[in-house]
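Visitor: Before I ask anything, let me first share the structure, which is written out below as structure tokens.
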Amino acid sequence: MPYRIVFVCLGNICRSPIAEIVMRRLVRTAGLEDRIAVESGGTGDWHLGEPADPRTLDVLRRNGYDGSAHRARQFTPQWFDEHDLVVAMDDSNLTALRRMAPPDARDKIRLLLSFDPDAAQSEVPDPYYGGADGFDDVLAMIEQACRALLEQVKTEL
Ligand code: 4NP
């Protein structure tokens, strides 16, 4: 059974799909795709079944990633059973996850930027209501934190 990571944001059309796609590339490059599984979901249900936001697809494409296969899914409490690590983008995702977690799953939940000792902030901000610049910033934060996350996870394999 691989080590299973799930990234969680609000809509599963911006931040967590970016994290999933970035992390999957890092895992593949490290030759660990059989050992580490990566997924994403949103706490909200507004965009279920939809592709990623066009700005998400654009920032990914401009940086050599392909997000076109993504379809939004909703994180449900059963997912705690199915994952070893539940990685929230911001404090409101963290709160929503803690509220729905069975008590014995609470310690699976972490903030993504907590893995990055050099992060300038604790949350990946919601870029949905901003412009394209916000998506560039979000991608950079996610890439840096996912590199640190992979190093951490390697120690747990
Ligand atoms: P995400 O961004 O949580 O990073 O996917 C959002 C997407 C949609 C909404 C909010 C944030 N929304 O309100 O629909």
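The values are calculated or read from the model by the stated rules, or taken from the named source; none is laboratory data. Model, not experiment: these values are computed from the prediction. Cβ: placed from backbone, ideal geometry, glycine included. Neighbour counts: every protein chain shown.
Visitor: Checking H83 against (1) within 16 Å of the ligand (Cβ to nearest atom); (2) touching a residue at least 24 places away in the same chain (Cβ under 8 Å); (3) under 25 Å from M1 (Cβ atoms), which single condition isn't satisfied?
Guide: Here H83 meets the rest and fails (1).
Visitor: For the stretch 111-130, name all the residues that are more than 12 Å from the ligand (Cβ to nearest atom) and either in a loop (DSSP other than H, G, I, E, B) or under 9 Å from M89 (Cα atoms) (or both). Show your work before the answer.
Guide: Of the residues in the stretch 111-130, the ones more than 12 Å from the ligand (Cβ to nearest atom) are 111, 113-122.
Result: L111, L113, D116, P117, D118, A119, A120, Q121, S122.
Visitor: Okay, moving on. Search the stretch 40-58 for residues being touching a Ser or Thr at 6+ places or on another chain (Cβ under 9 Å) and not polar (S, T, N, Q), and hand back the single one that is surrounded by the fewest Cβ atoms within 10 Å (Cβ to Cβ). Don't jump to the end; show me each part of the working.
Guide: Step one: list which residues in the stretch 40-58 are touching a Ser or Thr at 6+ places or on another chain (Cβ under 9 Å), which gives 40-43, 51-52, 57.
Subsequent filtering for residues that are not polar (S, T, N, Q) retains 41-42, 51-52, 57.
Working: G41: 22, G42: 26, P51: 16, A52: 27, L57: 20.
For the stretch 40-58, the residue satisfying everything is P51.
Visitor: In this structure, does A52 turn out to be in contact with a strand residue (DSSP E or B) (Cβ under 9 Å, 6 or more places away or on another chain), under 20 Å from G11 (Cβ atoms) and at pLDDT 95 or above? Walk me through how you get there before you give the answer.
Guide: Working: in contact with a strand residue (DSSP E or B) (Cβ under 9 Å, 6 or more places away or on another chain): no; under 20 Å from G11 (Cβ atoms): yes; at pLDDT 95 or above: yes.
Here the answer is no, as A52 does not meet what is asked.
Visitor: While we're on this one: Name the single residue that is farthest from the ligand (Cβ to nearest atom) among those in the stretch 87-105 being crowded, with 17+ Cβ neighbours inside 10 Å and in a helix (DSSP H, G or I).
Guide: Selected residue: A105.
Visitor: Still on this model: How many of the residues making up the stretch 57-86 are acidic (D, E), in a loop (DSSP other than H, G, I, E, B) and closer than 22 Å to M141 by Cα?
Guide: Start the filter on the stretch 57-86 by keeping residues that are acidic (D, E), which leaves 58, 66, 81-82, 84.
From what's left, in a loop (DSSP other than H, G, I, E, B): 66, 84.
Pick out the ones that are also closer than 22 Å to M141 by Cα and you get 66.
Selection size over the stretch 57-86: 1.
Visitor: While we're looking at this one, here's another question. Which numbered condition in (1) in a helix (DSSP H, G or I); (2) exposed (fewer than 14 other Cβ atoms within 10 Å of the Cβ); (3) within 16 Å of the ligand (Cβ to nearest atom); (4) modelled with pLDDT of 95 or more is the only one that D133 fails?
Guide: (4)
Visitor: Tell me which residues, restricted to the stretch 7-40, are more than 10 Å from the ligand (Cβ to nearest atom), small (G, A, S) and in contact (Cβ under 8 Å) with a residue 24 or more places away in the chain.
Guide: Correct list: A30, A37.
Visitor: A further question on this structure: Name, by its number, the condition in (1) touching an Asp or Glu at 6+ places or on another chain (Cβ under 9 Å); (2) surrounded by fewer than 16 Cβ atoms within 10 Å (Cβ to Cβ) that does not hold for V6.
Guide: (2)
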